[in-house]
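Here is the structure we will look at, set down as structure tokens.
FYI, it's all coordinate maths here, none of it is from the lab. Here the structure is a predicted model, which is why all the values come from computation and not from measurement. For neighbour counting, all protein chains shown are included, and Cβ atoms are generated from backbone atoms with ideal geometry for every residue, glycine included.
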Amino acid sequence: MSAEDGRDGGGRADGEDADPAGGDPDGGLAVRRLADWDADRLRELATAHGTPLYVTDIDRVAENCGRLLDAFPDARVSYAVKANTGRAVLETVREAGLDAECASAGEVRRALDAGFPGDRVDYTAVNPPARDLDSVVEWWGDHPDLTVTVGARDTLDRLAERGFDGRVRVRVNPGVGAGHHEKVRTGAAPKFGVPYDRAAEFVAAARDRVDVVGLHAHAGSGIHGEEDLAAHRDLVARMGDLAREVGDLAFVNVGGGFGVPYREDEPPLDLDAVAAATREALGDVDADLAVEPGRYVVADASVLLTRVNTVKPTPETTVAGVDAGMTDLLRPAMYDAYHAIRNLDASEDGGEAGDADDGRGVGPVTVAGPICETGDTFCDGRELPIPERGDLLAVGNAGAYGYEMASTYNSRPRPAEVSLDGDVLRERETLAGVTRLERGGADE
Ligand SMILES: *Cc1c(COP(=O)(O)O)cnc(C)c1O
């Protein structure tokens, strides 16, 4: 549980001297817990816009950017756009002063459209489809300072075929991985980057064809505990060695992966400690440090609201059937990810399991979606207030890789997203939207 004394969602911590969650004046609290969201406001939004519904607090995005810039004052900090590509998020991040790291041509387009100038946009080309390269090279014509991250000889050749001789950063596979699940450890996976031992040679050869401005590596998602930090340190140290060997670089990017506490009792990441460890491990290099977190910027800025439609007592657990599923928030099904869940109707103070003072009691609850897949649950047998039909549940830390991974499996239209102020950020998809690409029906 967080110790924030009932501070309201979106409130800045200005003037607070003893901040139990480790915040600072510019960046607000180091962590925003699910319990900190204003239950009344969330209920109003669910009533006005229906469920399932993503609610995003844009001010919180700005606070998270502020804390990153404070911790890495002389580094280049980019936002890994894939965590949440919403227009309002991108504009907020740009205004806050972060650059944009993009994983596809589509993300590059969105970053440019959100007003990022080309010199603040990196395109990380992992096995880039031809169509993506065609588009990015075309846009590079108008934005010659755009940087492309390359992790294979073939990619350089394919860029050259399209006439590209601009700014490149070389993605290195440091042979070190970190992260909360094997599927998100990228640092050692052969898919990503040039093998470390061949990187210097690769850079030397690339310099004949393009402008190599930086090195890049990304260990994976979820640096949190000591073990991950040690892996991060190894990665950074190796990148420092390589940077000294190849010389003449503008920056060394050591990736993202800064963890956020998904469990209510997990402490927040000590960003200053990560920054200090990063600097120390990098050592003396004649280039700027660069980092590119995604999750950290947006995770705790959104919740997913979902309504209970079915309550089924079973011998082991009470199953709460809800109207959101893995199609709306995939992380629990895909990564066994833990997300805090709060029943906004279970008790007067909107408290957590254990606080319920409305006589319904607490017990093991399984929150399950409507998709025909066993994995379509948000939690199994978790201690929560016993649900009633019609209850509104909030799923916490839904801002990163939440809406972005939504799908239309089971012909389910994707959910809507609104800001905490009530602006519609993404409309709810319709069934007509889901089927609009289909051809050859009887009525054509
Ligand atoms: C996904 C990704 C990131 C961001 O990872 P987070 O865990 O969201 O911080 C950074 N860099 C690259 C290359 C990525 O693919």
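What does the charge add up to near Val77, with Lys and Arg as +1, Asp and Glu as -1, over the other residues with Cβ less than 13 Å from its Cβ?
Working: positive: Arg67, Arg76, Arg94, Arg120; negative: Asp70, Asp74, Asp99, Glu101, Asp122, Asp288, Glu292.
Taking every Cβ under 13 Å from that of Val77, the sum is -3.
Along the charge dipole of the chain, Cβ charges K/R +1 and D/E -1, which of Thr149, Thr366, Ser347 sits furthest on the positive end?
Of Thr149, Thr366, Ser347, it is Thr149.
Report the full-extension gain for the segment Arg153 to Val434: residue separation times 0.36 nm, less the Cα-Cα distance, to one decimal in nm.
On the way: separation 281, 0.36 × 281 = 101.16 nm, distance 3.86 nm.
So the chain would gain 97.3 nm between Arg153 and Val434.
Select from Asp336, Asp376, Asp74 the residue whose mean-square fluctuation is largest in a Gaussian network model of the chain (Cα-Cα springs shorter than 10 Å).
Most flexible of the set in this elastic network: Asp74.
Just to confirm my numbers, what's the Cα centroid distance between region 228-254 and region 134-177 in Å?
20 Å
Quick one: if you stick a label point 7 Å off each Cα along the C-beta vector at Arg207 and Thr314, how many nm between them?
6.2 nm
Going by average Cβ density within 10 Å per residue, which order do the peptides 428-438, 121-131 take, highest to lowest? List each step's numbers first, then the result.
Working: 428-438: 11.2, 121-131: 19.5.
Final packing ranking: 121-131, 428-438.
Subtract the Cα-Cα distance of Tyr409 and Glu95 from 0.36 nm times their separation in residues, and report this length gain in nm to one decimal. If you can, show how the numbers build up before the last one.
Working: separation 314, 0.36 × 314 = 113.04 nm, distance 3.54 nm.
Net length gain for the segment: 109.5 nm.
So between Asp272 and Asp70, what do we pick up on full extension, going 0.36 nm a residue minus the alpha carbon distance? Please report the intermediate quantities before stating the final value.
Details: separation 202, 0.36 × 202 = 72.72 nm, distance 0.87 nm.
That works out to 71.9 nm of additional length.
Given the rule -39500 (n - 2.57) for each run of at least 4 DSSP H residues, summed and divided by the residues of the chain, what is its mean residue ellipticity at 222 nm, to the nearest 500 deg cm²/dmol?
On the way: 12 runs with 124 residues, N = 444.
Using -39500 (n - 2.57) per qualifying helix, the result is -8500 deg cm²/dmol.
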